1. Restricting to DSSP loop positions (anything but H, G, I, E, B) with no more than 13 other Cβ atoms inside 10 Å of their own Cβ, which GluC sites (Glu not before Pro) remain in the stretch 31-132?
2. Measure nothing but the geometry: give the 0 to 90° angle between the long axis through the Cα atoms of 47-64 and the longest principal axis through the Cα atoms of the chain, rounded to 10°.
3. With θ taken as phi - 60° and the coefficients 6.51, -1.76 and 1.60, list the Karplus ³J(HN,Hα) couplings across the stretch 207-217 in order, rounded to whole Hz; mark glycine and proline as x.
4. For the chain, find the longest principal axis of its Cα atoms and tell me its angle to the long axis of helix 166-180, 0 to 90°, nearest 10.
5. With a 10 Å radius around each residue's Cβ, average the other Cβ atoms per peptide and rank 105-113, 189-197, highest first.
6. State the dimensionless ratio Rg/Rh of the chain (Rg: radius of gyration of Cα atoms; Rh: Kirkwood radius).
7. Which of the lysines could a cross-linker span from K135 if the Cα-Cα distance has to be under 27 Å and same-chain partners fewer than 8 positions apart are dropped?
8. With θ set to phi - 60°, apply the Karplus curve 6.51 cos²θ - 1.76 cosθ + 1.60 along the stretch 69-76 and write out the HN-Hα couplings as whole Hz, x wherever there is a Gly or Pro.
Amino acid sequence: MKHQETMLNTLTKENRLNGFSDEEIGDEHFYSGLETPMRADAFKVSDEEKKYKIAGLFAEIMDVMGLDLTDDSLKGTPNRVAKMYIDEIFSGLNPANKPKAALFDNKYQYNQMLVEKNITFYSNCEHHFVPIIGKAHIAYISSGKVIGLSKLNRIVQYFAKRPQVQERLTNQIAAELTEILDTKDVAVIIDAKHLCVSSRGIKDDTSATVTSFYGGVFNTPNKIAELQNYLK
Ligand SMILES: [Zn+2]
């Protein structure tokens with residue numbers, strides 16, 4: 001009950017940050033930090049309970065909009081949305097779903113940059129809950145260990161499956177790679193289209209957003225140029 005009251009307070013009170021309203025902050029895609037903001041008790045409730053609650057709440061949203069929930073096409077929607085949120089598009093919120101990274105010895109003695117490019121991902125903007133569709137390019141230089149190529153892909157998908165902001169997605173992938181590969185020599189570039197920009201608001205269908213993280217030796221003009229060459 002206490003939690004519900006706090007939630008209602010956040011929803012109704014006019015939030016202003018640096019003089020901007022919630023709506024203005026959403027359209028400006030304000031980015032607050034590396035960690036996805038979550039409550040400490042986020043995982044005290046089971047996935048099954050979450051789906052049950054979300055289905056009920058989503059049915060309410062549909063009902064408020066006047067949709068007929070007895071219609072054969074609509075009646076399964078609340079359950080479908082709840083399942084999709086928890087099991088698929090927001091499954092990366094749960095640390096239990098984080099890919100386990102097996103590392104191998106760099107027995108080929110390959111000591112140049114390794115680039116995995118054009119990793120397609122689907123995420124969702126945390127300000128509007130509409131899709132972000134893009135490609136991630138990852139590069140690293142081995143510190144003695146290497147990671148399976150499909151693991152790079154899985155790490156991108158894990159962090160993409162959260163309500164996101166592109167800057168945070170970029171930095172979360174970079175932080176994870178820095179940690180598991182035990183090297184600062186990591187680069188992440190993300191080139192993505194935000195549906196909240198193309199399908200609503202300013203309605204610009206041609207713009208894309210590019211973000212990057214260059215760690216260690218990648219943060220030098222030479223390495224950046226070399227990496228850009230790989231990405232051509
Ligand atoms: Zn948005």
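1. Sparse-neighbourhood loop GluC sites (Glu not before Pro): E35.
2. Taking the Cα atoms of the chain, the angle to 47-64 is about 50 degrees.
3. Here the 3J(HN,Hα) series is 6, 9, 10, 10, 10, 8, 10, 10, x, x, 5 Hz.
4. It is inclined by approximately 50 degrees.
5. Per-residue mean Cβ counts within 10 Å order the peptides as 189-197, 105-113.
6. 1.02
7. Once the sequence-local lysines are set aside, what remains near K135 is K83, K98, K100, K117, K145, K151, K161, K184, K193, K203, K223, K232.
8. Running phi through 6.51 cos²θ - 1.76 cosθ + 1.60 with θ = phi - 60° gives 6, 8, 5, 4, 6, 9, 5, x Hz.
Just so you know, all these numbers are worked out from the coordinates, no wet-lab data involved. Predicted, not measured: the structure shown is a model, and the values here were computed from it. FYI the Cβ positions are ideal-geometry reconstructions off the backbone, even for glycines, and counts take in every protein chain you see.
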